[in-house]
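The block underneath contains the structure these notes are about, expressed in structure tokens.
A short reminder: the numbers here are calculations on the coordinates, not readings from a lab. The shown structure was predicted, so the numbers you read here are calculated from the model rather than taken from an experiment. Note that each Cβ is placed from the backbone with ideal geometry, even for glycine, and that neighbours are counted across all protein chains shown.
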Amino acid sequence: MNQFFNKINDQKSSWFPLSHLKPQKHELIKGGVILRLTFFYGVVTGMLVALMEGNLNDALAISVDILKGWIAFYLFFKFTFARAWNERAKLTSTPKSSSSLD
């Protein structure tokens, strides 16, 4: 399953328009990156929820749907795409060489 998520993770289009947040393959996706992605994609997710629920004429309902979108995106991304990325990063990261103290 991780291979599936990482295949999507590795596509440039998956990170658009926030491609500057994409870490190198050997770097972990940390909470700050997930939060920044959530602020953008969570709004998109929330607006899709509002559209599906027919809440586009009610500002309060849209706000609640955006909150739902933030929560849903954060949890989904953290436990699928970020987890797969981080497992691969841990396997591919080069161990730091021990340096002498001279």
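Per-structure values
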quantity: Test for residue 75: is it touching a residue at least 24 places away in the same chain (Cβ under 8 Å), exposed (fewer than 15 other Cβ atoms within 10 Å of the Cβ), within 10 Å of the chain's Cα centre (by Cα) and within 23 Å of residue 11 (Cβ to Cβ); calculated: no
quantity: Count - residues of segment 15-34 that are surrounded by 13 or more Cβ atoms within 10 Å (Cβ to Cβ) and either within 9 Å of the chain's Cα centre (by Cα) or not in a loop (DSSP other than H, G, I, E, B) (or both); calculated: 5
quantity: Hits in segment 35-62 (condition: over 15 Å from residue 18 (Cα atoms), in a helix (DSSP H, G or I) and either under 10 Å from the mean Cα position of the chain (by Cα) or not acidic (Asp, Glu) (or both)); calculated: 45, 46, 47, 48, 49, 50, 51, 52, 59, 60, 61, 62
